[in-house]
1. For the Cα atoms of chain B, what angle does the longest principal axis make with the long axis of helix B:228-241, in degrees from 0 to 90, nearest 10?
2. Which of the peptides B:11-19, A:239-247 is most tightly packed, and how do the rest follow, judged by the mean count of other Cβ atoms within 10 Å per residue?
3. To the nearest 10 degrees, how steep is helix A:169-197 against the longest Cα principal axis of chain A, on a 0 to 90 scale?
4. For chain B, rounded, prolate or oblate, judged on the Cα gyration tensor with a ≥ b ≥ c (square roots of eigenvalues), a/c < 1.5 rounded, else prolate if a/b > b/c?
5. Principal axis extents for the protein assembly as shown, Cα atoms only, whole Å, descending order, please.
6. Å³ per residue of the Cα convex hull, for segment A:72-167?
7. Label B:W349 and B:R183 with points 7 Å out from Cα along Cα→Cβ: what is the distance between them in nm?
8. When Cβ neighbours within 10 Å are restricted to other protein chains, what is their mean count per residue of peptide B:270-283?
Amino acid sequence: MFNLAPLSWVGLVCWIIGLTMAVIWGRSFRHRQRNLMGNMGIYFGISALMLVLAIGSLAVKGLNFGLDFTGGTILELGSPKMVTTDEVQKALEDFKAPELGDRMVQVGANMQTDEEGKQYQRIVVRVTRAQATAEGGKQLENKEPAALEQHLASKLGDLKQLGTASIGPTITGELRYHAFLAMGVAMLVQGLYIFLRFGMQWRYGIAANVAILHDVIIMVGLFSLAGRQLDSPFVAALLTVAGYSVMDSVVIFDRIRENDQFYGGKKPFPEIVNISVNQTMSRSVNTTLTVLITLVAIYFFGGSTLQNFAYALLVGITAGAYSSVFIAAPTLVIIDKYFKSAPKATVSYSTAVAPAEVDPVYRETGTDDGPKRRRSRGQRRRL
Amino acid sequence: MKRHSGIWVLLLGAFTLACLFMIWDPRGNKLKLRLGLDLKSGSHIAVRLVEAPNPLTGETVKITQRVQEQAVLVFQKRLNPDGTKEIVVTPEPPDRLIVEIPEETDLQKAEDLVRQAARLEIKEPRFDPVTKETTWKTAMDGTGITGAHAQPSTDGQTWEVVFNLNRTASKQFGELTRRLVGRQMGIYFDGREVMSANVEEPITGGSCRITKIHGGPDPFHEGKTRTAVEEATDLANLLSAGSLPVDVKILESYTVSPTLGAQSLQYSLTAGAMGLGFVCLYMIGYYKLPGFTASVALVIYTVICLASMNIPGLEFVLTLPGIAGFILSIGMAVDANVLIFERLKEELWEGKPVAQAISIGFEKAWPSILDGHVTTGFGAFILYIFGSATIRGFGLTLLVGTIWSLITATMFTRTLIDFAFYNLKVQDRKTFGA
């Protein structure tokens with residue numbers, strides 16, 4: 001249960017330190033408010049850097065599509081003695097029935113114990129056939145997987161079958177189609193929900209969707225950078241992150257809306273956003289943290305099958321937490337600035353909110369004209 | 001609610017206990033969870049039914065719901081001739097069948113059983129006087145077979161398969177054999193000649209024998225042979241299960257060995273327990289008493305969610321992606337509590353009395369909680385609708401988790417906090433995190 005590789009221990013410790021620091025940082029908002037919206041340039045800069053890294057990796061390295069997407073056959077075998085990737089690759093070379101196309105081999109770093117107490121090393125062999133079948137399939141058929149297994153056993157010695165999987169072209173085609181469809185529908189429905197929920201104000205929906213896009217691109221990009229295999233649970237992870245990102249943004253938006261109604265036109269919108277983000281910071285950190293705790297548990301202790309999935313979610317949810325505070329909220333401010341949906345007061349940051357040494361960034365040049373800000377639902381009393 | 005918190009807590013306890021007994025058997029100290037193939041062992045095959053011509057009429061048999069249902073029955077009988085195994089064959093619109101065979105790790109045999117159309121044809125020779133060639137024409141098919149069994153032949157050397165025909169078919173068969181007296185008749189199985197024999201006299205009794213089965217190469221296993229008994233039994237099983245009117249194509253298949261299944265289960269349960277444990281510790285450490293009540297609610301949530309997956313009649317199965325979705329939902333379930341308690345703390349810092357802070361905390365956090373759950377719920381629902389099988393399991397557990405967490409995180413936690421505050425008289429501001 002706790003037999004982690006040394007590198008994993010380092011990773012685990014890093015995560016624990018990182019999460020602890022996040023808690024301390026989140027707690028500090030209890031004592032003082034920060035001018036978060038004043039450093040928008042830095043946040044967008046960090047995100048731009050990550051996006052460049054992600055897109056660059058996608059362009060250069062591309063994605064490592066898993067069996068679900070490419071089709072083919074996987075053999076999972078247990079070997080009683082340690083073998084290396086090269087040994088397995090060599091054994092695969094002279095298998096000719098049928099001729100193999102792609103050959104990918106992964107071997108476990110250490111021995112594992114099965115239910116009978118025997119030691120084995122896990123070997124995963126993923127192959128496609130060189131010549132596609134009549135239907136365009138790349139998987140091994142009928143007796144071919146068994147033949148391959150026997151062939152490997154004759155080269156590597158006694159092997160135990162742990163599992164096999166063959167996926168044909170129909171399934172892979174459908175999976176791709178469904179993945180895109182689900183993603184599109186999810187973004188649309190969630191955007192629409194926010195639009196309706198926030199009194200028909202499209203800027204909230206747009207800001208939330210900007211954050212989703214940001215998270216999804218970073219998630220796919222870092223997956224490509226890590227060279228991990230993209231399989232169907234990844235699609236599920238992608239949609240979960242989209243949902244989570246919206247949820248995270250919605251909580252901040254809720255507070256913005258509440259404060260907006262409370263302060264009316266007394267404070268400029270950027271300041272209202274800043275107050276709201278400050279008030280919800282401790283909550284943002286804590287909700288993300290509880291999810292990350294469970295994900296760290298899955299990643300380090302959930303076994304190799306769930307590791308890709310947990311990795312995707314760790315990246316996505318961290319990005320999601322970052323983006324709802326540092327991308328979604330600033331985007332709202334920018335939309336408000338350039339697409340004036342309502343007239344507002346000429347106010348610079350009030351000293352009560354921004355520390356004196358921080359340069360006030362929002363100096364609205366517009367004139368103080370017109371009535372109070374739009375109010376979708378009657379003004380709520382803050383208790 | 002305030003004065004009756006005690007009753008509510010009792011009801012809550014009873015409900016939790018009932019749920020607990022749905023998933024846990026105290027006598028054997030065993031968890032009663034319906035596990036998917038990936039967490040135990042077995043084979044999974046997804047097939048597509050493909051249109052095929054009817055051998056008698058030459059018409060194309062379209063894939064309808066009826067054909068699909070017929071195929072489900074045929075597969076059930078073929079894979080499970082004595083009805084003792086837990087084989088699940090699920091039709092999936094428009095033309096799919098998912099076959100799941102627990103504990104079967106011989107994927108090849110299962111695939112072969114599924115792939116066979118098992119069409120029996122009885123053919124008669126037609127002599128063409130012009131070309132002077134004999135062609136075989138299908139005179140009957142196997143739809144009239146009511147049952148088949150294997151038996152040793154009278155000489156004790158070989159085996160034979162006897163199959164019985166229903167009334168129309170036996171009448172048809174009688175006419176055919178009357179016509180063919182003194183000539184040859186051929187019995188074909190999936191286009192392969194099983195036997196041809198001289199018809200000596202008309203057969204009108206409605207039963208027919210395929211004789212002289214003496215074993216041979218096993219089509220299910222490379223390099224192995226079947227004995228006469230095995231071959232006869234296989235044939236009898238296929239015949240009595242009935243034939244498929246259509247062809248079958250395998251789309252996807254996998255097996256999981258007991259080793260791998262047990263390991264996945266152990267790992268995912270470990271991860272789940274650790275996730276739950278750490279989240280509870282964190283909540284108690286950060287939010288004190290409210291955190292503790294949230295932890296209790298979280299444990300209740302876990303039990304209820306697992307019990308919901310066990311509701312009889314609903315075909316919920318716990319798969320590996322499902323467990324991952326569930327562990328994730330534990331992290332998200334406390335989300336609502338974090339929202340409430342943050343608000344509670346804020347109100348306490350502003351100097352409000354505890355009782356007021358509690359009700360404001362719950363009241364003010366509600367819109368955000370609802371928004372969050374609705375958006376996550378939408379996502380999970382879309383996954384369930386549009387996803388492939390693996391993703392669907394994940395979407396379903398996430399959806400069930402989202403619905404329950406909305407209730408446990410608000411109502412249940414509120415009940416527990418009220419109970420602690422009004423009944424147990426824990427009213428110190430510090431214990432509420434001020």
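1. Once rounded, the angle reads 70 degrees.
2. Numbers: B:11-19: 14.2, A:239-247: 29.0.
Per-residue Cβ counts within 10 Å, averaged per peptide and sorted highest first, yield A:239-247, B:11-19.
3. 10 degrees
4. Numbers: a/c = 3.92, a/b = 3.31, b/c = 1.18.
Prolate is the answer for chain B, as a/c is 1.5 or above and a/b outweighs b/c.
5. 112, 62, 57
6. Details: hull volume 8.4 nm³, N = 96.
In segment A:72-167, the Cα convex hull volume per residue is 87 Å³.
7. With each label point 7 Å from Cα toward Cβ, the separation is 9.9 nm.
8. Values: counts 7, 12, 5, 2, 9, 10, 3, 2, 5, 6, 1, 1, 6, 2.
Average per residue, whole number: 5.
All of the numbers you see were taken from the coordinates with simple rules; none came from a lab. Please read all numbers here as calculations on a predicted model, not as lab measurements. Here the Cβ is made from the backbone with ideal geometry for all residues, glycine too, and neighbour counts use every protein chain on show.
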